[in-house]
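Reviewing the structure listed below.
Derivation of every value follows stated rules applied to the coordinates shown; laboratory data play no part. Since the structure is predicted, the reported quantities are computational estimates derived from the model, not experimental observations. We place every Cβ from the backbone using ideal geometry, glycine too, and count neighbours over all the protein chains shown.
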Amino acid sequence: MKIKEARELKRFAQEQIAILVGTSVRHYQRVEAGHDIPNVILALEICRVLEVDPRDVEEWQDSSKRPRRRRPIQK
């Protein structure tokens, strides 16, 4: 499950999650988008608030097991 999907199911705004887990909105946005990987404590807090198992969060899966995105060929 993606963090964004879990957050939307709980009807939370990104700002609310950031406050509840004690991080900046920008950092939470980057974590949710998969640009940043949170430390263990923050990851567990996000999962606690969203009531999801950290092992099920797609953004935190081992990248070698995820399908690769293919970039379009540029001419």
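Key figures for this structure:
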{"read-out": "Projected label distance in nm at I37 and E8, using a 7 Å step from Cα toward the beta-carbon", "value": "2.6 nm"}
{"read-out": "Charge dipole (debye, nearest 20) of the stretch 3-54; +1 at Cβ of Lys and Arg, -1 at Cβ of Asp and Glu", "value": "120 debye"}
{"read-out": "Loop-located trypsin sites (Lys or Arg not before Pro) in the stretch 5-64 whose Cβ has at most 15 other Cβ within 10 Å (DSSP)", "value": "K10, R11"}
{"read-out": "Label zone at L44, where the point sits 7 Å out along the Cα-to-Cβ direction: the stretch 11-37 residues whose backbone N lies under 13 Å", "value": "none"}
{"read-out": "Spherically averaged projected area in nm², based on the convex hull that wraps the Cα atoms of the stretch 3-54", "value": "3.0 nm²"}
{"read-out": "At R0 = 22 Å, FRET efficiency that the Cβ-Cβ distance of I19 and R55 yields, to 0.05", "value": "0.30"}
{"read-out": "In order through the stretch 16-24: 3J(HN,Hα) via Karplus (6.51 cos²θ - 1.76 cosθ + 1.60), integer Hz, x for Gly, Pro", "value": "5, 5, 4, 5, 5, 9, x, 9, 6"}
{"read-out": "Order of V40, V21 under a 10 Å beta carbon neighbour criterion, fewest first", "value": "V40, V21"}
